[in-house]
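First up is the structure itself, then whatever we jot down about it.
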Amino acid sequence: MKREARYPAIKRQAVRKVQSMGYRVDEIELDEKNGRGIFEIEAKRGGQEYEIELGYPNLNVIKIEKD
């Protein structure tokens, strides 16, 4: 997945999406779960840390969890 030509653009879109939701992205990495790509994002909002998961490549929100 990371070797796909469109990966860098999709990663930037994922960061922008999370930022538009009011979070500051600290870290983002692409992982695989159940044969599907998942962006695992560590982010902050209002001093609270969150773990956010977005589907790859569609960027649907899978999980938002306070850390």
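Test Glu40 against the stated conditions and say whether it is at pLDDT below 95 and either in a strand (DSSP E or B) or open to solvent by less than 80 Å² (accessible area, probe 1.4 Å) (or both).
So Glu40 fails the test.
Taking into account only those residues within region 9-34 that are under 16 Å from Leu59 (Cα atoms) and at pLDDT below 95, which is least open to solvent (accessible area, probe 1.4 Å)?
Looking at residues that are under 16 Å from Leu59 (Cα atoms) and at pLDDT below 95, I get Lys33.
Among the residues of region 20-28, are any closer than 17 Å to Arg3 by Cα and under 11 Å from the mean Cα position of the chain (by Cα)?
Among the residues of region 20-28, at least one is closer than 17 Å to Arg3 by Cα and under 11 Å from the mean Cα position of the chain (by Cα), which makes the answer yes.
Can you name the number of the only condition in (1) open to solvent by less than 80 Å² (accessible area, probe 1.4 Å); (2) touching a residue at least 40 places away in the same chain (Cβ under 8 Å) that Arg6 fails?
Looking at each condition in turn, Arg6 falls short on (1).
The values are calculated or read from the model by the stated rules, or taken from the named source; none is laboratory data. Bear in mind that the values here come from a model prediction, so they are computed numbers and not experimental data. Please note: Cβ atoms are built from the backbone with ideal geometry, for glycine as well, and neighbour counts cover all protein chains shown. Ligands, DNA and RNA are stripped out before the accessible areas are found, and what is left, the full protein with its side chains, is counted by its heavy atoms. Shrake-Rupley method; radii C 1.70, N 1.55, O 1.52, S 1.80 Å.
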